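S.K.: Pasting a structure below so you can have a look.
The values are calculated or read from the model by the stated rules, or taken from the named source; none is laboratory data. Since this is a predicted model, take the numbers as computed values, not measurements. Note that each Cβ is placed from the backbone with ideal geometry, even for glycine, and that neighbours are counted across all protein chains shown.
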Amino acid sequence: MNAIAAVSDIEQINAALQSHNPFAQPPFVNANNVWGKGFPDVETLNAHASDAIFKALDEIRAGHYSTTSILITAQDGTGKTHIISRIRHRLQAQGGALFVFANKFNDLNQIKQGFQQLLAESLSNIGSQGVKQWQELAASMANDTAKSLGLPTMAPKDFVKKFDASETEQNVKWINQLTKAFCRAKTVQDPDIVRAIFWTLSDEEALYASNWLAGKELAQFKANDLRLPTQKQSFDAVLQILSLISEYNELVVCFDELDVLEINDAGLHKSQVVANLVKELVENLQRGVILSVMMPGTWKERIQDVLPKGLSSKMKTAGEALPLKYLDSDSTVDLIAFSLKEYYDAREITPPHPVYPFNEEQLRTIGKEKPTVREVLKWCRENCKPPLEEGPVVPIEPDNPVEMAFITEISDDITNGLDNNQVVAEALLTGFQSLVGKTVENVKVQNVTTGVGKKGRRDPYLNFKILGEENGKEVAIGVAVLQYEGGAALGAGFRRLMDEDKQFDLTRGCLVRSKAKPIKYHFKKKYLDPLVKNGGEFVELKEEEIKPLLAIRSIYQKRESDYGVTEDDISRFIEEKGAANGLGIHNKLLLEILSDPSYQVPQDIEDEPEAPAEPESKPADDSDEAEATDLAELLTTDGAAA
């Protein structure tokens, strides 16, 4: 029996609205809304765009074609990232395709390596079966292997539980046997990639396996544990991963943030660099949809009118670009009613009408102006207050647009970004650029330059130099973010910081690295000890100190395309709000880099475990009978299905 809910006491509703604005969240969509809780989304709004993706997936499954690319063009604020978020959440709910979100590339000069990282990071997110997308793929591959041996199959969650409940030696045996059997049944270019994907089934080793699949270098002891080489960074690895995915799933790859002001060393805009990558993916992806979203001006002025037609056409093989629509009267009311319903339902409140405290006629009038989603949500944020029975209406002070952008960016999950040397270094660089002309920690910062190598070129390991004056003497502080697990790259970075041959003209070197990352005892003695004792520094990378710098860097990149602010606006925000937000002269990480050297080597950095010459394992019985017996044990669980 359906009952109409009684309207809540109006004073209770008004008290709730006064205590918390339903539209307090800044009206910007970021990666958190794609991977986590979605932004308020009226699915009928611009349904033609998201429906095109799912129609393409249906046609691929029906065998009409294997791969297509779709282009969405829309003005800022009309919902480009909303569409991507909708696609991701619908795929997570319905299954059928894996999802990759490619928005922030570390280095546009190495776009393919950047895509390898974004691919691995995306597949490390939870998919439609309650496990990571990598684990979904690994389970599909393991079940295929089981079928080839006449064994039962198992749900992805059961695989993960089985590996987590087993000893390391047993897991190593299962991974070896799965890899061998899979490669015997399939044509495989590189068995190590297969092995690494299977290792993601172990939650204990999944992060290391994913990092390896992302092209990152593993410490030698961990590479030995996983029976992998220390590194596999290549586009061939990407193509093999895509090929393996295509055996079992469609793939949806979404490219976003293509309007930001990023240029590579060849003078190509980010959208143009990504266009070249899209062409290669269209030509190599065997089952999937590639979606690119950008503003009409970016598409026309940077791609359509500039790049060769054969290249630009690859971005829209499905047909002409799909434009997103502005709101109208109906969709404006629907958007606000949807947002308020979530708010009221969470508080078990029933309002007098769906758009209270607004007036529907007022909202329809706003909708007639064809506003963007962002404009409407911003208006709601500033005007959502209970009707006042008496007394003057207190005007609301307009929000600082940089502060709203900062709130959005600071909420971003930076877990993966902390291991990204280039991204962290760029954030530090932006932070130091705001200090030029100031005296901080007795150092007058005169210039910050990335041109540290020969002929003023960039260097892959020494990120930038801070040039200035300290106590009447010229200083050149070299900064290197070295979050590498170990190996040749870490050694190369150390040697640059020590600068024994004066190639970089440093007065001191500064290593920025998390203390949680162990360092080989040999590296400590050979590099770290002499670096610090000769006036260099080890500065600990802390999430809470780098996070505001990462946020302000992102605002700087998207200042025109997303946030509509200027460099002066950003500088003013740092000056006025730096103390409250850990920016500028108030950022502890920047201060520590500039501070007087301590000449003390940190004592709480763990030694990296020594790697044995050969992996420790008992001789394996490689017979097919032994293999089938062991894998049958793996596949024995209450969750197994014949």
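S.K.: Quick check: is even one residue across region 563-581 within 28 Å of Phe28 (Cα to Cα), acidic (Asp, Glu) and in contact (Cβ under 8 Å) with a residue 24 or more places away in the chain?
M.R.: Applying the first criterion (within 28 Å of Phe28 (Cα to Cα)) to region 563-581 yields 563-581.
The next check asks that each one be acidic (Asp, Glu); those that pass are 567-569, 575-576.
Checking which are in contact (Cβ under 8 Å) with a residue 24 or more places away in the chain leaves us with 569.
Taking every residue of region 563-581 in turn, at least one turns out to be within 28 Å of Phe28 (Cα to Cα), acidic (Asp, Glu) and in contact (Cβ under 8 Å) with a residue 24 or more places away in the chain.
S.K.: Would you mind finding the one in Val479, Val424 that is of a type outside the set (D, E, K, R), in contact with a Phe, Trp or Tyr (Cβ under 8 Å, 6 or more places away or on another chain) and assigned by TED's automatic domain parsing to the domain that holds Lys520? Please lay out each step first, then the result.
M.R.: Numbers: Val424 fails: in contact with a Phe, Trp or Tyr (Cβ under 8 Å, 6 or more places away or on another chain).
Going through Val479, Val424 in turn, the sole match is Val479.
S.K.: Which ones in region 213-222 are within 25 Å of the chain's Cα centre (by Cα) and either farther than 18 Å from Gln117 by Cα or of a type outside the set (A, V, I, L, M, F, W, C) (or both)?
M.R.: Narrowing region 213-222 to residues within 25 Å of the chain's Cα centre (by Cα): 213-219, 222.
Gly215, Lys216, Glu217, Lys222, listed by residue number.
S.K.: Going residue by residue through region 613-636, is there one that turns out to be at pLDDT 85 or above, surrounded by fewer than 18 Cβ atoms within 10 Å (Cβ to Cβ) and part of a loop (DSSP other than H, G, I, E, B)?
M.R.: no
S.K.: Answer yes if at least one residue in region 105-125 is of a type in the set (D, E, K, R) and within 19 Å of Val194 (Cα to Cα), and no otherwise.
M.R.: Start the filter on region 105-125 by keeping residues that are of a type in the set (D, E, K, R), which leaves 107, 112, 121.
Filter once more, so that each one left must be within 19 Å of Val194 (Cα to Cα): 121.
Within region 105-125, one or more residues are of a type in the set (D, E, K, R) and within 19 Å of Val194 (Cα to Cα).
S.K.: Out of the residues in region 42-64 meeting the condition of being free of Cβ contacts under 8 Å to residues at least 60 places away in the same chain and under 24 Å from the mean Cα position of the chain (by Cα), tell me which one is farthest from Pro401 (Cα to Cα). I'd like the intermediate steps shown before the answer.
M.R.: Going through region 42-64, the residues free of Cβ contacts under 8 Å to residues at least 60 places away in the same chain turn out to be 43, 47, 50-51, 54-55, 58-59, 62-64.
Next cut, under 24 Å from the mean Cα position of the chain (by Cα) only: 50, 54.
Details: Ser50: 29, Phe54: 35 Å.
Top of the filtered list is Phe54.
S.K.: Can you find a residue in region 252-265 that is within 22 Å of Asn103 (Cα to Cα), touching a Lys or Arg at 6+ places or on another chain (Cβ under 6 Å) and among the β-branched types (Val, Ile, Thr)?
M.R.: yes
S.K.: To continue, here is another question. For Asn463, state whether it is in the same structural domain as Leu589 (by TED's automatic domain parsing), polar (S, T, N, Q) and surrounded by fewer than 23 Cβ atoms within 10 Å (Cβ to Cβ).
M.R.: Working: in the same structural domain as Leu589 (by TED's automatic domain parsing): yes; polar (S, T, N, Q): yes; surrounded by fewer than 23 Cβ atoms within 10 Å (Cβ to Cβ): no.
It is false that Asn463 is in the same structural domain as Leu589 (by TED's automatic domain parsing), polar (S, T, N, Q) and surrounded by fewer than 23 Cβ atoms within 10 Å (Cβ to Cβ).
S.K.: Looking at region 1-43, which of its residues are at pLDDT below 80, surrounded by fewer than 20 Cβ atoms within 10 Å (Cβ to Cβ) and under 26 Å from Gly417 (Cβ atoms)?
M.R.: Lys37, Gly38
S.K.: Looking only at region 215-244, how many residues end up being assigned to a helix (DSSP H, G or I) and under 12 Å from Ile193 (Cα atoms)?
M.R.: The qualifying residues number 10.
S.K.: Mind checking whether some residue in region 47-60 is out of contact with any Gly (no Cβ under 9 Å at 6 or more places or on another chain), of a type outside the set (D, E, K, R) and at pLDDT below 90?
M.R.: For region 47-60, residues out of contact with any Gly (no Cβ under 9 Å at 6 or more places or on another chain), of a type outside the set (D, E, K, R) and at pLDDT below 90: absent.
S.K.: Can you name every one of the helices (runs of 4 or more DSSP H) wholly within region 264-372 that holds 3 or more residues which are surrounded by 14 or more Cβ atoms within 10 Å (Cβ to Cβ)?
M.R.: Working: elements: 270-284, 309-312, 329-346, 360-367.
Answer list for region 264-372: 270-284, 329-346, 360-367.
S.K.: Since Lys526 meets every condition but one in (1) in contact with a Pro (Cβ under 6 Å, 6 or more places away or on another chain); (2) within 24 Å of Ala480 (Cα to Cα), which condition does it not meet?
M.R.: Checking Lys526 against (1) in contact with a Pro (Cβ under 6 Å, 6 or more places away or on another chain); (2) within 24 Å of Ala480 (Cα to Cα), the one that fails is (1).
S.K.: Let me ask something else. Which strands (runs of 3 or more DSSP E) sit wholly inside region 443-530 and have at least 3 residues that are on the phi > 0 side of the Ramachandran plot?
M.R.: Values: elements: 443-449, 464-470, 473-481, 508-513.
It comes to none.
S.K.: Across region 44-70, what is the number of residues that are surrounded by fewer than 14 Cβ atoms within 10 Å (Cβ to Cβ) and assigned to a loop (DSSP other than H, G, I, E, B)?
M.R.: The qualifying residues number 6.
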